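Here is the structure we will look at, set down as structure tokens.
Just so it is clear, none of the values below were taken in a lab; they were calculated from the coordinates. Every value quoted in this text rests on a predicted model; they were computed, and no experiment measured them. Methodologically, a virtual Cβ is constructed for each residue, glycine included, from the backbone with ideal geometry; neighbour enumeration extends over all protein chains shown.
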Amino acid sequence: MVGIVLVSHSAELARGLAALAGQVAGSEVRIEPAGGDPEGGLGTTGELVELAIARAEQGAGVVVLADLGSAILTVRSVLDEGNGGSVRLADAPFVEGAVAAAVISAAGQPLEEVLRSAEEVRGASKL
């Protein structure tokens, strides 16, 4: 099953979204939060992202979603170190993308399908 990593400047936001997506998708999907800085404040660190990716990987790859610009930069920096293509950063809205990715992962779909499901919700209208 494809793992999901949620990178946020806020540890609480990342944990809350992981809980939400996990409740919608089911407990089989490995959804790992990576948020906040080492002192408990706002921020992102490559070390937390790397650890979350390692925890989320179950052999089918990992889709990473991030909340804001510098979180994207942190993830890109981690991915530049090499992952053999098994970890993909989604260009997707944080909440909707995470839920969509988790649901499709729970259905047993491959990495590219999970990534595509997260990215397809970019244009979803709420009203």
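Residues in region 39-81 that are under 16 Å from Ala118 (Cβ atoms) and touching a His at 6+ places or on another chain (Cβ under 8 Å) were compared, and the one that is surrounded by the fewest Cβ atoms within 10 Å (Cβ to Cβ) is Asp67. Of note, Ser105 does not satisfy the criterion of being in a helix (DSSP H, G or I), without any contact (Cβ under 8 Å) to a residue 40 or more places away in the chain and over 12 Å from Glu119 (Cβ atoms).
Taken together, the residues in region 13-31 that are without any contact (Cβ under 8 Å) to a residue 24 or more places away in the chain and over 13 Å from the mean Cα position of the chain (by Cα) amount to 2. If you go through region 60-86 and keep only what is outside any helix (DSSP H, G or I), without any contact (Cβ under 8 Å) to a residue 40 or more places away in the chain and within 13 Å of Ala34 (Cβ to Cβ), you end up with nothing. Going residue by residue through region 16-38, is there one that turns out to be among the acidic types (Asp, Glu) and assigned to a helix (DSSP H, G or I)? Taking every residue of region 16-38 in turn, none turns out to be among the acidic types (Asp, Glu) and assigned to a helix (DSSP H, G or I).
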